[in-house]
Amino acid sequence: DLRVEIRCPGETPYFDKINVAYSRCGEEGSVETVKALTGLPINYLITINFRGFRRLVDKLGGVWMDVDRRYFNDQGGECDGCYAVINLQPGYQRLTGLKALDYVRFRHTDSDLHRNARQQQFVRAFKDQIRTNFSITKLPQVIEVITKHVEVGEGGGADVSARTVLRYGALAYTLPAGHVFQTRIEGLEGASDLTTATDNIERAIEQFVRPDAEAPQKATSVALGTKRRVKVIPPLETTVTVLNGNGITGSASSASYLLGRRSYAMVYPPNGVPANAPSFDFFETVVFFDRAREGASQAAKRATALFGSAETRPLTPAIRKLSNGALLVVVVGRTFHGRLAAAPVDQTPDRKKAEVAPRQDEALGLLRDVQPRVDFPLYVPKLIERTSRLSSAKPVRDYNMDPKGKHRTVRLVYRTGGNDYWGIQQTSWDKAPVLSAKNFSRTIGGRRYDLYYNGPRLHMIVMRTKRATYWVVNSLLDSLSNETMIAIAKSLRPIGVVSR
């Protein structure tokens, strides 16, 4: 619904909702409109029809998603006030292709901002599904769906090879947890047509192009009021060897030159050995580091940010032989196109007061009613976000979460004064796919918590016990501050030791 300048080929530019570019002008109009808005080159345009969306999700065995609240409408059709049928219960669950499509398309009782957030949530969940549940036996079926229902166009009008598609699938499969960054445009105003200041769009573009990989750690330090104790080795003291891992002539020398311009201390393979990796099969750039040397891991993460699509790994014996003693070895893959990213945009948030209030009574009674149906102790938050109340549509739900139906789970659903929904999930199933995507763990107030970030925003915080896990899940828009999320998690207590 963002109002932008539409660039249709052969037409005078005009202003309308951004999705008009595709409905009226097709692929070329979409690309030109987004290029004009962002100033960025467009590498690929991917289109998928509804049937393809459903089939792709189903071929992967469904997708695990956290549904923030009860969604229900049985009045579909073309009548006044009618909108798409949907019937979803709240809580973390596996959705079929049809259910997932209903969820990501919904926007009737909230806004386009919430729909965009659901779509971004789907992208993260889809990536997690590939990384945790994909098997090679599903590959032929997935390729068939992509061939029939997904169109991928490359910049300049070239066709995208199946090999390229598979490589990006492999990238999603191997990408470590916490390496997906999603950007949103802030300050949007309006109802049907959304507008915002140009500065907000420019800021979102900068964050997209130059993501702050250290934002979660910095945000945690701010929320807890602690100082980060990380040894940071400056580029001048960071020795780097660059190797060609893609087979493209000049890739290693180009990357070496660019890193040298950023003040890195360049080192070359010993004894005049060519600067080639053991193979040319590197699709993504990899920054290898010497784990025995203090600060090497952090230096590798900083260097990785310069390459965009890259990952860090400890030195292997084969790579170490070519390192010539360097702290880092960069093996450039096919995703390196002769450029380094600019310095990341600092997204460290300001410290805020936890906006919480003591309000446990209404949840306590519901949880005591549910306790006999689960085989682990339920916890109640003694503090909740100060404007929140339990949802009137579905305040609590207990159900089987895991595929085999052996583990029960309970979901509390809260609604804020701003019409956002957040929740608390409790389950004895410790293999939920989302739990594998934590950024890091911290000990807070004597308890160990796993923290899950969306950029600088804390989206989920999880406490683990021997019998269960307890999740505090932020709203779709991450409207609860980091400090508020942590305060709620710290206030969780077993219902057996809490009095009204």
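Since every read-out is calculated from the coordinates, none of them should be taken as a lab result. Not measured: the values here are computed from a predicted model. Using ideal geometry, Cβ is built from the backbone for each residue, glycine included, and neighbour counts are taken over all protein chains shown.
Loop-located GluC sites (Glu not before Pro) in the range 224-297 (DSSP state other than H, G, I, E, B) with a sparse environment of at most 16 neighbouring Cβ atoms within 10 Å: GLU294.
Stokes-Einstein diffusion of the range 235-332 at 37 °C, 0.692 mPa s viscosity, Kirkwood radius from Cα pairs, rounded to a whole number: 254 µm²/s.
What Kirkwood hydrodynamic radius do you get for the range 283-416 when you take the inverse of the mean 1/r over all pairs of distinct Cα atoms, in Å? Let's see the in-between values first.
Numbers: mean 1/r = 0.0500 Å⁻¹.
After inverting the mean inverse Cα-Cα distance, the result is 20.0 Å.
Spacing of the modelled spin labels on VAL123 and ASP16, each 7 Å from Cα toward Cβ, amounts to 2.5 nm. With respect to the chain, whose longest principal axis is taken over its alpha-carbon atoms, helix 50-59 is tilted by about 90°. Put in order of Cβ neighbour count within 10 Å, fewest first, the listed residues ARG411, ARG313, ARG69 become ARG313, ARG69, ARG411.
Evaluated with a Cβ-only charge set (Lys, Arg +1; Asp, Glu -1), the range 251-394 carries a dipole of roughly 220 debye about its Cα centre, given to the nearest 20. Remark: the range 298-303, residue by residue, has Karplus-estimated 3J(HN,Hα) of 5, 5, 5, 5, 5, 5 Hz, where x stands for each Gly or Pro and the curve is 6.51 cos²θ - 1.76 cosθ + 1.60 at θ = phi - 60°. In the chain, the longest principal axis of the Cα atoms and the axis of helix 251-261 are about 80 degrees apart. Counting only alpha carbon atoms, the long axis of helix 112-133 and the longest principal axis of the chain meet at about 70°. Inter-part distance, the range 12-87 to the range 424-500, computed on C-alpha centroids, equals 31 Å.
Can you pull the semi-axes for the range 356-497, root of five times each eigenvalue of the Cα gyration tensor, sorted largest first, whole Å?
Working from the Cα gyration tensor, I get semi-axes of 20, 19, 15 Å.
Candidate cross-link partners of LYS35 among the lysines, defined by an alpha-carbon separation under 23 Å and a same-chain spacing of 8 or more, comprise LYS17. Among 466-476, 115-125, sorting by the average number of other beta carbon atoms lying within 10 angstrom of each residue, highest first, gives 466-476, 115-125. The chain: percent of C-alpha pairs farther apart than 37 Å? Tail fraction, whole percent: 35.
Using the Cβ-Cβ distance between ALA191 and ARG351 with R0 set to 30 Å, the FRET efficiency from 1/(1 + (r/R0)^6) comes to roughly 0.35.
When only the Cβ of Lys, Arg, Asp and Glu is charged (+1, +1, -1, -1), the dipole of the chain relative to its Cα centre reaches about 2380 debye.
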